[in-house]
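Enquirer: I have a structure here, written as structure tokens, and I will follow up with some questions on it.
The values are calculated or read from the model by the stated rules, or taken from the named source; none is laboratory data. This structure is a prediction, so every number in the text was calculated from the model and none was measured. FYI the Cβ positions are ideal-geometry reconstructions off the backbone, even for glycines, and counts take in every protein chain you see. These accessible areas exclude ligands, DNA and RNA; they are computed on the full protein's heavy atoms, side chains included. Shrake-Rupley method; radii C 1.70, N 1.55, O 1.52, S 1.80 Å.
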Amino acid sequence: MITSSLSNHILTLTIDRPTAKNALNLDMYQNLEQQLERAKNDDIYVVIITGNSDIFCSGNDIEDFIQLAQTDDTQAQKNREIIERFMFAMIDCPVPIIAAVSGPAIGIGMTLLQHCDFIFATPNTVFTLPFVKLGLCPEFGSSLLLPQLIGERKAKAMLLLGEELAVEEALSLGFINQITVQPEQRAAHYANTLTALPKEALQHTKKLLSDNSRQQLIDCINKENDLIFKLIKRSEATSALSRFKGNKSHT
């Protein structure tokens with residue numbers, strides 16, 4: 001589930017599904033999208049995203065992925081729309097998004113961080129993108145954004161080979177802002193600093209930083225999702241997902 005709290009114009013969203021290693025399912029995508037939409041209307045200056053566990057997010061729920069492979073085209077399209085509404089709500093969030101990351105960030109747990117404005121992570125954080133190993137392809141614009149954020153060579157190592165990104169390397173490459181044992185406190189400090197700034201100027205500045213590349217990002221996400229929803233029905237993906245389910249509950 002996703003828990004939320006609003007205080008001092010700061011909306012905190014917590015991925016709260018520790019029994020499933022904070023894997024995201026369709027209900028959670030809907031909840032996240034609804035909460036992010038609040039930033040367009042409510043008196044919210046900043047959004048914080050964190051996880052209630054020793055793992056930030058283990059990615060998409062494997063059960064959901066296996067069901068996607070078995071659904072007809074109509075249901076698959078509905079499921080795709082749920083996921084994309086979350087993605088676009090995050091991309092178009094008018095206020096700064098701060099991530100407080102504790103432990104591994106896997107799959108969507110990492111790719112959603114590409115769309116955050118500030119990231120604070122614990123020393124035991126590690127980032128992994130196992131898409132190819134699961135017979136799938138990059139998502140959430142990672143085929144476009146990740147080379148820009150961490151460099152083409154490291155992005156290829158992560159997206160093609162599933163190579164991990166250690167937290168120290170993430171800091172040196174500029175993917176995160178700081179390594180800290182208390183990421184929630186650092187996120188709160190930054191959030192309070194941001195709320196003290198003129199809101200309109202803050203939002204216009206964020207918009208200017210992303211406007212020029214937004215359409216390219218949307219096109220990339222559409223292309224990635226077209227491929228994902230084809231690949232997920234192929235035998236390579238269904239076999240890989242079944243094997244993964246047998247070894248772990250979620251990724």
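Enquirer: With a cut-off of 8 Å between alpha carbons and a minimum separation of six or more residues, what is the relative contact order of segment 2-53 in percent?
Expert: Averaging sequence separation for qualifying contacts and normalising by length gives 49 percent for segment 2-53.
Enquirer: Still on this model: Can you give the net charge of the other residues whose Cβ lies under 12 Å from the Cβ of L160, counting K and R as +1 and D and E as -1?
Expert: Charge balance in the 12 Å sphere: +2.
Enquirer: Carbon and sulfur: what percent of segment 1-124's accessible surface (1.4 Å probe)?
Expert: Roughly 44 percent of what the probe reaches on segment 1-124 is carbon or sulfur.
Enquirer: Okay, next question. Could you provide, to the nearest whole Å², the per residue accessible area of segment 1-159 with probe 1.4 Å?
Expert: About 36 Å² of surface per residue is accessible.
Enquirer: Looking at segment 3-151 only, what percent of DSSP beta bridges run antiparallel? Nearest 5 please.
Expert: Among the beta bridges of segment 3-151, antiparallel pairing accounts for roughly 20 percent.
Enquirer: Calculated from DSSP H runs of 4 or more alone, at -39500 (n - 2.57) each and per residue, what is the 222 nm mean residue ellipticity of the chain, nearest 500?
Expert: Result for the chain, helices only: -16500 deg cm²/dmol.
Enquirer: What residue among K199, K78, K156 shows peak mean-square fluctuation when the chain is described by a Gaussian network model with Cα springs under 10 Å?
Expert: K78
Enquirer: So what is the relative contact order of the chain, in percent, for Cα pairs below 8 Å that sit 6 or more residues apart?
Expert: Computed value for the chain: 22 percent relative contact order.
Enquirer: How many angstrom lie between the Cα centre of segment 1-75 and the Cα centre of segment 96-143?
Expert: 14 Å
Enquirer: With a point put 7 Å past each Cα toward its Cβ, work out how far M1 is from K133 in nm, to one decimal.
Expert: Modelled inter-label distance: 3.1 nm.
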